[in-house]
1. Please work out which residue is farthest from Thr300 (Cα to Cα), limiting yourself to the range 188-235 and to residues that are among the basic types (Lys, Arg) and at pLDDT below 80.
2. With (1) surrounded by 17 or more Cβ atoms within 10 Å (Cβ to Cβ); (2) closer than 20 Å to Ala228 by Cα as the list, and Glu105 as the residue in question, which single condition is left unmet?
3. Starting from the range 242-269, keep only residues that are on the phi > 0 side of the Ramachandran plot, then list their pairs with residues that are open to solvent by less than 60 Å² (accessible area, probe 1.4 Å) whose Cβ atoms are within a distance under 9 Å, requiring at least 6 positions of separation or different chains.
4. Could you give every pair whose Cβ atoms fall below 7 Å, whose first residue belongs to the range 297-310 and is farther than 12 Å from Pro359 by Cα, and whose second residue is open to solvent by 40 Å² or more (accessible area, probe 1.4 Å) and in a helix (DSSP H, G or I), counting only separations of at least 6 or pairs across chains?
5. Looking for whichever is farther than 28 Å from Val85 by Cβ, of a type in the set (D, E, K, R) and open to solvent by 20 Å² or more (accessible area, probe 1.4 Å) here; the options are Asp146, Asp131. Which one fits?
6. Could you tell me whether the range 351-361 includes any residue that is out of contact with any strand residue (DSSP E or B) (no Cβ under 8 Å at 6 or more places or on another chain), open to solvent by less than 30 Å² (accessible area, probe 1.4 Å), part of a helix (DSSP H, G or I) and more than 21 Å from Leu251 (Cα to Cα)?
7. Only one residue in Asp307, Asp339, Asp315, Asp366 is among the acidic types (Asp, Glu) and open to solvent by less than 50 Å² (accessible area, probe 1.4 Å), so which one is that?
8. Inspect all residues belonging to the range 54-75 and state whether any of them is modelled with pLDDT of 80 or more and of a type outside the set (Phe, Trp, Tyr).
Amino acid sequence: MTAAVTDPAQERLRRWRLVLGGDAADGTGRALSGQDAAMDGALTALYGKGDKPQTERERSAGLGASAPSVARWLGDIRTYFPSSVVQVMQRDAIDRLGLATLLLEPEMLEAVEADVHLVGTLMSLNKAMPDTTKETARAVVRKVVDELEKRLATRTRATLTGALDRSARVSRPRHHDIDWNRTIAANLKHYLPEYRTVVPERLIGYGRAAQSVKKEVVLCVDQSGSMAASVVYASVFGAVLASMRSVDTRLVVFDTAVVDLTDQLDDPVDVIFGTRLGGGTDINRALAYCQSQITRPAETVIVLISDLYEGGIRDEMLKRVAAMKASGVQFVTLLALSDEGAPAYDREHAAALAALGAPAFACTPDLFPEVMAAAIEKRPLPIPEPV
């Protein structure tokens, strides 16, 4: 282990040396030893050749093309760096060095740090995955899905249960079902100054939505290659929603074809391996299918998750959205359901949907329950401010 550096100037120099990579022109003149040298070696193996594409010969000087050398490197970075950094480095290794095919080997999958981006890569490799790898791949995906459900499920159920209860308002509520905020607001004209109180003439309350299905939710998810993280999160949220008796949930994925995965919603892992990333995009066809499944328009929320790069009939798509909204459907357009920041999307189509009253915006997984609650209650959506 390298001894801790107490001199702030030397510590800054050490950090710059690790960042710059130790070339003759880096200007630090500092040598590394111990763990610092090992960390530098792990970084150099991935980033030492700059941003230009590498030939097979150049790759062999870094991580190499063999599974054993990559597996050792994966073990090293997990030793030297925190999990969040490891996930970034893994993603860069897959993108920069063409290591995706090595993930088809079980020993490789056992060595990686599982996260949403890795799941997306496994989804793209699903068709090429040999039978010997599929069990390991499902275990990796299961770990990520379980962690996401643990993080998101409780808050989602609590938020949506409250929204469902508030949306089921009754005019003669029992005492414990009275919505006091709305009741007081509606009866302010009956305020008695001498008693400093409001005498309510009309009670406003809400029923308990959990006794029967009150809302129908359709998640319509684009499975083009850029939407991998969104597919993963939508699968998890779909399973959470499907577990709520008050919501009838349907999950539809599409490219140029449309696949209804509703019968697999009890297991998000089955949903994830039931998708096929890539291909074209026909949003109009997908929405036509969703429209055909609507039985109670006024109680239906359709969530389109897509970057809106439409390969189908644009005008028909917009007419279909307008018709659904006119019938009473709550229509939500999410450009991405992920933590990846601002997505690339078709701005012209987004503007056209906004003009129809269906604004398109990116949504983080943590915000999604609030978006769904607002849609269920038919109130303005909590659209995040653009960065």
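The values are calculated or read from the model by the stated rules, or taken from the named source; none is laboratory data. Computed from a predicted model, the values in this text were never measured in an experiment. Methodologically, a virtual Cβ is constructed for each residue, glycine included, from the backbone with ideal geometry; neighbour enumeration extends over all protein chains shown. All accessible areas refer to the heavy atoms of the entire protein, side chains included, with ligands and DNA or RNA removed. Shrake-Rupley method; radii C 1.70, N 1.55, O 1.52, S 1.80 Å.
1. The initial filter retains those residues of the range 188-235 that are among the basic types (Lys, Arg), namely 189, 196, 202, 208, 214-215.
Narrowing further to those that are at pLDDT below 80: 202, 208.
Working: Arg202: 29, Arg208: 18 Å.
Among residues in the range 188-235 that are among the basic types (Lys, Arg) and at pLDDT below 80, the one farthest from Thr300 (Cα to Cα) is Arg202.
2. Going through the list (1) surrounded by 17 or more Cβ atoms within 10 Å (Cβ to Cβ); (2) closer than 20 Å to Ala228 by Cα, Glu105 breaks only (2).
3. none
4. Note: pairs meeting the criteria are Asp307/Ser226.
5. Details: Asp146 fails: farther than 28 Å from Val85 by Cβ.
It is Asp131.
6. yes
7. Numbers: Asp339 fails: open to solvent by less than 50 Å² (accessible area, probe 1.4 Å); Asp315 fails: open to solvent by less than 50 Å² (accessible area, probe 1.4 Å); Asp366 fails: open to solvent by less than 50 Å² (accessible area, probe 1.4 Å).
Being among the acidic types (Asp, Glu) and open to solvent by less than 50 Å² (accessible area, probe 1.4 Å) holds for just one of Asp307, Asp339, Asp315, Asp366, which is Asp307.
8. no
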